Structures are given as C-alpha cells and as structure tokens.
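Some notes on the structure that comes next.
The values are calculated or read from the model by the stated rules, or taken from the named source; none is laboratory data. Just so it is clear, the model here is predicted, and its values are computed rather than measured. Calculation scope for accessible area: heavy atoms of the full protein, side chains included, ligands and nucleic acids excluded. Shrake-Rupley method; radii C 1.70, N 1.55, O 1.52, S 1.80 Å.
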Amino acid sequence: MLSSNLHMVLHFLVPLVVALVFWRAQWKRALLVMWATMLVDADHLLATPVFDPLRCSIGFHPLHQPWAIALYLVLALLPKTRWVGVGLLIHMALDGLDCLKLI
C-alpha cells in the first residue's frame, strides 16, 4: 500500500505532469480543474471510520464504484468535460494502485 504521504503527493503531482504534457497552453486551468476532482473523496465521509489505511477505496465508496469510473471515462472522452474526466480517472487509477499494493 502506498504510504499516505506519497499517495497524496501523487494526487497533486500526476495531474500537474498530465496538464503540462497534454495541455501546455492551458496547463494552469487544466491543473486546477483536475485538482478540484479530488473532491470526489467527499464520499469517504460516509464511511466508518472515515479513513482506514487498510481499506481499498475502489468498489467501497459510492463515487469509487465501477459504474462511476465508467462515467468518468465518458466525461474524459467529451471535449467540454475532458479535464474533469481525466482528473477523476487519474484519481481512481492512483487509488487502484494503492489497492493493488504496487508501491
């Protein structure tokens, strides 16, 4: 499992790299939108305890369900919602890596 600190750093760093690589002309706006998608973690407030370092978010929290991830993919494919969708997919991918205990 990712350390909590590394996990949080990646949630800020990966969107920065993606914004700089794919939307260089608008990287600041893209980055702010993708960072705003971290609000998806508000669904953690519905869990008891709110934070459990051994719990996998994917499939547990309401906005971390497979159906929601499929919706985030659709958002990423649409030009007007692309940054939101990409931000949410990055978030889910990082949470998924945490679940797989790859790092």
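Summary of computed values
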quantity: Histogram of C-alpha separations across the chain, 5 Å bin width, %; calculated: 2, 13, 23, 25, 20, 11, 5, 1, 0
quantity: Most mobile listed residue (HIS61, HIS91, HIS11) in the chain, GNM with C-alpha springs under 10 Å; calculated: HIS61
quantity: Degrees between helix 82-100 axis and first principal axis of the chain (Cα, 0 to 90, nearest 10); calculated: 30 degrees
quantity: Apportionment of accessible area to carbon and sulfur, the chain, percent (1.4 Å); calculated: 75 percent
quantity: 1.4 Å probe accessible area per residue over region 1-95, in Å²; calculated: 61 Å²
